[in-house]
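Structure record follows, encoded as structure tokens.
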Amino acid sequence: EEGCLSCFSSSILVLIPSFFLSPSRQPFVLFGSHSTKDNLNSGNFNFPSEGHLVRNTGLGGSTAKHMVVQCVSPKGPLACSRTYFFGTTHIPFLVILLDYLKLAAVLAGIECYAKTSTESKVNEAPILHAVIVDLDCLQCKITRKPKLKKKINKCFGQLITPLDNEDSLSLIKTASMMVFDIPDLLTGRGCLGSVVFSESFLTSQIQVKEKDGSINSETSHIILTAAIPRYTSWLVEDSDVKLSEKAQHILKEDKSFLGTLLTGGDGAYIYSSSPQAMPTEGKLYFFSDGILFSDPHHGSISISKNHMSSISLYDGDSTSIVAALFIDVKSSLLAHLPIEFHTQDNFLMIALFPKTKIYKAFYSQVFSSWQNPTNSGLSLRVVQEEFLSVEQKKNKTSIFGRFVQHFTVSSVSHEPVMRAHLPVLLQQSEVIPDSKAESDKVVITIITGLPGCRCSDLCAFLVTFNKERGRWIVYRQTLDSPECFSATHFQRYLSSVLEAQQNHSVRQSTYAKKNKRLLVVLQGYTDVIDVVQALQTHPDPDVKSSFIIGAVNTCVEPLSCYMEHRLLFPKFLDQCSQGLVSTVVFTSHATEQKHPLLMQLQSLIRAANPAVSFILAENGVVTRNEDIELILSESSFSNPQMMRARYLMYPGWYEGKYGAGSVFPPMVQICVWFNRPLEKTRFVTKCKAIKSLLKPSPFSGNIYHIMGKVKFSDADKVIEVCHNTSSNSLSLVPVQEGPTPPDSRSDNRDCSSQQECFLVFIGCSLKEEDIKDWLRETAKQKPQRKALKTRGMLTLQEIKNIHVKRHLDPLPAGYFYNGTQFVNFFGDKMDYHPLMDQFMNDYLEEANREIEKYNRELEEQEYHDLFEQKT
């Protein structure tokens with residue numbers, strides 16, 4: 001006997017653009033014998049309008065038994081093909097069996113490909129009998145009879161993007177399968193046509209790092225065209241229609257094989273776990289001993305309780321969710337069920353939607369009746385969600401939500417995630433396992449913000465106010481470093497803290513571990529993720545496991561956020577990012593909660609971090625206990641939602657692979673050291689004048705912040721300086737006397753110089769020499785040499801003074817003074833003494849002697865530059 005097929009082919013391919021109308025992308029509907037291989041491959045359908053009808057495209061011009069359909073999205077990459085049937089599908093014939101087989105093969109091939117991402121592994125999928133996979137095309141063969149003749153060809157196998165290309169993972173792909181030119185085995189003459197099936201699907205793959213360091217893949221997939229019915233039939237034969245109508249007669253009978261009619265109505269859905277089945281809407285009738293379901297596609301389906309193994313109801317104890325009726329049927333019923341409802345577990349589900357008539361009628365007229373055992377011993381059992389089987393839960397929930405969660409994580413980056421964190425990322429768990437108890441760890445509280453945000457004020461308040469919490473350690477960034485944050489320095493500091501802790505006795509060490517806190521204060525253009533990654537990548541695993549970040553807080557001074565107009569300073573929003581920052585502390589405008597600037601910034605930050613908490617703390621002083629608890633939280637950073645956002649916002653952060661990016665506009669931090677006093681008046685004047693000298697973009701040479709410790713010539717105290725240009729605020733606070741811890745800056749400068757004054761300048765494209773020149777102008781200036789005076793340099797006032805002083809000196813012969821003017825013998829009058837020229841020369845001679853004396857004394861004086869070291 002000859003085989004039942006002449007070509008059996010399948011392929012997995014990346015969809016080509018919709019404007020390229022190859023046969024694989026052309027929509028069509030072909031009935032019965034017109035669905036031949038030649039017609040499908042050519043894509044040219046030139047059938048007479050009267051010759052392409054359901055009633056005349058079957059064998060010998062009879063009614064067609066099936067049709068093949070291809071749906072194509074006109075503006076997207078989606079496409080799928082289906083085979084639908086005319087007539088009853090309770091008793092399958094050859095075409096239906098082949099369609100069932102190819103559908104199962106395609107779905108299994110998609111699942112296998114999603115797990116392995118390679119075509120060579122698809123042949124391992126158990127698809128009924130055997131699956132053979134070629135390099136560029138998924139192909140299958142069926143061995144139903146030993147003498148069956150088979151022929152395998154490729155079609156629709158054009159690959160636009162190779163599947164081994166790493167970019168193909170995120171592309172939409174299509175898996176397809178065709179069985180061509182199926183012969184009629186009953187008559188041995190003619191061709192029934194072909195059956196086709198294809199789905200467009202999308203895969204998702206997450207790289208997962210195991211405890212032993214190995215990398216595995218966690219995969220998921222979704223079939224994008226699954227909403228297109230995979231299996232549909234219509235009753236077209238008169239015999240089928242009459243048989244279905246005959247089953248409706250029992251609705252008019254007082255008693256039938258299904259018992260007494262209880263109620264019925266529209267709006268019910270029947271569904272099975274079969275991949276071919278989709279929820280089918282129809283009329284449902286409840287009887288005392290069974291149910292009758294009727295719809296236009298399947299006709300009437302009757303299920304007697306004699307063919308049921310059990311009946312369960314799940315409604316979630318609520319009238320607002322769908323009531324699901326789970327029916328386990330016996331194998332004896334399969335011959336009377338459409339083939340798409342056949343499953344390995346013989347399981348059906350009927351859904352009743354809230355607020356529908358059938359929903360209300362079920363509870364009022366069926367529920368109590370079915371709870372009583374019948375002659376078959378069967379009764380309705382109400383179950384809770386935890387008692388549902390795996391298949392029942394699968395039918396109750398949607399896979400779309402699960403795939404979206406998976407795809408959300410995988411589409412961000414190819415960096416691996418930790419196995420322990422994966423359930424949290426996929427929102428399957430709210431617990432993050434940890435190998436070491438958190439009570440044994442030193443809690444790190446990070447306080448960050450832009451220059452001028454008053455981080456130090458908040459830190460001082462927390463340390464002073466919360467002394468009862470235990471021992472406090474404060475880490476500040478090195479100011480004389482060109483970097484805002486040094487990961488290496490921070491890691492060395494953590495090692496030294498742990499080493500000091502381990503040097504104590506066991507009792508003291510235990511006390512220290514339980515009560516020690518580390519405050520990390522970072523004021524500048526620092527990315528918080530750099531601090532987190534510095535801890536994550538610490539070379540010593542013991543140090544890494546001994547610390548835990550409790551909370552990250554960002555201080556914001558509203559007047560110090562904008563460079564120009566509404567251009568934010570660099571890293572402002574990065575310092576408020578979700579996944580890292582749990583609290584934003586506003587250190588000004590606390591009494592003006594409706595201030596436009598404060599409200600505008602709060603709205604901006606809320607858009608970047610919807611879950612962040614806002615705290616008002618004027619000058620760093622927190623007034624509410626609950627706000628202090630938020631700032632010093634020990635668990636907000638490890639919150640599952642924060643963890644998930646961190647993986648999505650900063651892929652690779654756990655292994656320190658995330659690059660935070662450069663600061664733009666580029667900011668420079670320059671630290672200058674000196675040991676001579678400044679002139680307070682000159683310094684204050686110069687600071688206040690900086691704002692008026694700010695330049696627009698590219699902001700070159702602009703100074704935005706000054707901080708440090710200096711001495712002024714009017715006092716011997718050390719003054720802490722903090723000047724912010726944007727807010728034009730200058731703070732001069734005397735440093736309290738007392739022992740201070742060694743400064744980490746001493747590692748980077750000459751300790752022998754004993755310099756105790758320094759200033760840090762932060763701005764755009766600053767140069768050290770320009771900064772020093774600016775600072776020299778705030779110190780005591782070296783007096784300039786005075787120039788010798790000449791007649792032309794005398795002012796009118798000086799000439800008048802000379803005249804007043806010597807106008808009564810003796811007059812030369814021929815002149816007399818009349819009390820107001822000088823008169824000669826000719827009657828000429830003068831306002832000045834006749835010897836005025838000699839008087840001015842005498843004045844210049846005396847003044848120049850004083851100038852020369854001053855210049856000699858000036859040259860003998862010793863002058864020191866501001867940056868010259870004292871000897």
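Values for this structure:
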read-out	value
Restricting the range 565-610 to residues that are assigned to a loop (DSSP other than H, G, I, E, B) and among the hydrophobic types (A, V, I, L, M, F, W, C), the residue that is surrounded by the most Cβ atoms within 10 Å (Cβ to Cβ)	L580
Any hit, the range 375-385, residues being hydrophobic (A, V, I, L, M, F, W, C), surrounded by fewer than 13 Cβ atoms within 10 Å (Cβ to Cβ) and at pLDDT below 75	no
Scope the range 637-682; condition part of a strand (DSSP E or B) and in contact with a Leu (Cβ under 7 Å, 6 or more places away or on another chain); matching residues	V668, I670, C671, V672, F674
Among the candidates Q781, Q797, residue that is outside the structural domain of W673 (by TED's automatic domain parsing) and either closer than 30 Å to H723 by Cβ or part of a strand (DSSP E or B) (or both)	Q781
Unique residue being surrounded by 15 or more Cβ atoms within 10 Å (Cβ to Cβ) and at pLDDT 85 or above when the list is N848, N841	N848
The range 171-186: number of residues that are of a type in the set (S, T, Y) and either in contact with a Leu (Cβ under 7 Å, 6 or more places away or on another chain) or without any contact (Cβ under 8 Å) to a residue 60 or more places away in the chain (or both)	1
Residues being closer than 25 Å to F407 by Cβ and not in a loop (DSSP other than H, G, I, E, B) - total across the range 177-227	22
Positions within the range 228-271 being surrounded by 15 or more Cβ atoms within 10 Å (Cβ to Cβ) and among the basic types (K, R), in sequence order	R230
Selection from the range 435-489 of residues that are in a loop (DSSP other than H, G, I, E, B), at pLDDT 90 or above and of a type in the set (A, V, I, L, M, F, W, C)	L450, C453
Number of positions in the range 552-585 that are hydrophobic (A, V, I, L, M, F, W, C) and farther than 26 Å from S635 by Cβ	7
Selection within the range 690-721 - outside any loop (DSSP other than H, G, I, E, B) and either more than 22 Å from P665 (Cβ to Cβ) or among the hydroxyl-bearing types (S, T, Y) (or both)	S692, Y704, G708, K709, V710, K711, F712, V718, I719, E720, V721
Any chance Y269 is within 30 Å of F197 (Cβ to Cβ), touching a Gly at 6+ places or on another chain (Cβ under 9 Å), in a strand (DSSP E or B) and not β-branched (V, I, T)	yes
Residue within the range 235-246 that is touching a residue at least 40 places away in the same chain (Cβ under 8 Å), within 30 Å of A79 (Cα to Cα) and over 48 Å from the mean Cα position of the chain (by Cα) present	yes
Per-region count, the range 547-564, residues surrounded by fewer than 20 Cβ atoms within 10 Å (Cβ to Cβ) and assigned to a helix (DSSP H, G or I)	1
Residue ranges of strands (runs of 3 or more DSSP E) in the range 275-367 with at least 2 members in contact with a strand residue (DSSP E or B) (Cβ under 8 Å, 6 or more places away or on another chain) and over 29 Å from L107 (Cα atoms)	280-287, 290-295, 299-304, 308-314
Residue match in the range 624-638 (condition: modelled with pLDDT under 95, under 18 Å from S560 (Cβ atoms), in contact with a strand residue (DSSP E or B) (Cβ under 6 Å, 6 or more places away or on another chain) and not small (G, A, S))	no
First in the range 690-701 and over 10 Å from G763 (Cβ atoms), second anywhere and surrounded by 12 or more Cβ atoms within 10 Å (Cβ to Cβ), Cβ under 6 Å, 6 or more apart	K691/T725; K691/N728; K695/N702
Flag if P77 is at pLDDT below 80, in the same structural domain as D181 (by TED's automatic domain parsing) and assigned to a loop (DSSP other than H, G, I, E, B)	no
Answer from V684, V612 - the residue that is β-branched (V, I, T), at pLDDT 90 or above and more than 23 Å from the chain's Cα centre (by Cα)	V684
Any chance E769 is at pLDDT below 90 and either surrounded by fewer than 11 Cβ atoms within 10 Å (Cβ to Cβ) or not in a strand (DSSP E or B) (or both)	no
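Residue by residue, here is whether (1) at pLDDT 60 or above; (2) at positive phi; (3) not hydrophobic (A, V, I, L, M, F, W, C) holds:
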| residue | (1), (2), (3) |
| --- | --- |
| P739 | no, no, yes |
| P742 | no, no, yes |
| S746 | no, no, yes |
| S752 | no, no, yes |
| V760 | yes, no, no |
| D773 | yes, no, yes |
| T778 | yes, no, yes |
| P783 | yes, no, yes |
| A787 | yes, no, no |
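For (1) under 27 Å from the mean Cα position of the chain (by Cα); (2) within 30 Å of E564 (Cβ to Cβ); (3) surrounded by fewer than 20 Cβ atoms within 10 Å (Cβ to Cβ); (4) at pLDDT below 95, each residue gets a yes or a no:
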site	(1), (2), (3), (4)
G620	no, yes, no, yes
P640	yes, no, yes, yes
M643	yes, no, yes, yes
G659	yes, yes, yes, yes
V663	yes, yes, yes, yes
R676	no, no, yes, yes
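The values are calculated or read from the model by the stated rules, or taken from the named source; none is laboratory data. What you are looking at is a predicted structure, and each value in this text was computed from that prediction instead of being measured. All Cβ positions, glycine included, derive from the backbone under ideal geometry; neighbour counts span all protein chains shown.
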